[in-house]
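Coordinate-derived values only; no laboratory data. Computed from a predicted structure; not experimentally measured. Cβ sites come from the backbone with ideal geometry, for glycine too, and all protein chains shown count toward neighbours.
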Amino acid sequence: MSILFVNGSPNKNGNTAALAEVLLKGREYTTLNLTDYRIGSYGQKDPDDQLDDVIEKMKQADIIVIGSPLYWHNICGAVRNVLDRFYGLVQEGELSGRTLYFLFQGAAPEKWMLEAGDYTMKRFAGLYGMKYAGVATSSAEAEELGKGI
């Protein structure tokens, strides 16, 4: 089983990565830090864009864990940008057979913020054919969610 952790945080060893360690405790996984990739905004044409590399790594994984810090009441820009850019590049159902986990953490999130992020990831998973396994917003939730992997 191949596990890919897509880290949206600019802090490669920060709270988002720590939550992934709890979720994936005892399992081998690969980390893809979005800040290491040049990914333009939807509609931009950049010959050095590397989103195709990210998509290819996601296609190779059985389990995809997307981690995002909560910035400005929502999913961070790096992750949001990837979600936006999938449109038109990846066909509906193309990631069928994969399972998606979402890690979403912040200093003082309100319930509606967490619900909005969870809803977005549920819709993303469904559109591209992935089974959505759920969201963890704390170490306790990550530990519990990780039992299902």
**Study point:** Cα-based Rg / Dmax (Å) for the stretch 55-107
**Key:** 12.1, 35
Review point. On full extension of the chain, what length is gained from Lys59 through Glu143, given 0.36 nm per residue of separation minus the C-alpha to C-alpha distance?
Key: 27.7 nm
Check your understanding: What's the extension gain from Leu89 to Lys25 if we count 0.36 nm per residue and subtract their Cα-Cα distance?
Key -> 19.8 nm
Study note, to complete from the structure: Classified through the alpha carbon gyration tensor (a ≥ b ≥ c as square roots of its eigenvalues; rounded if a/c is under 1.5, else prolate when a/b is larger than b/c, else oblate), the chain comes out rounded
Study note, to complete from the structure: Largest fluctuation, Gly43, Gly129, Gly77 only, Gaussian network model of the chain with Cα springs under 10 angstrom, belongs to Gly43
Review point. To the nearest 20 debye, what is the magnitude of the charge dipole of the stretch 81-149 about its Cα centre, counting +1 on the Cβ of each Lys and Arg and -1 on the Cβ of each Asp and Glu?
Key: 180
Study note, to complete from the structure: Quick calc: nm separation of the 7 Å Cα→Cβ label points for Trp112 and Tyr37 -> 3.2
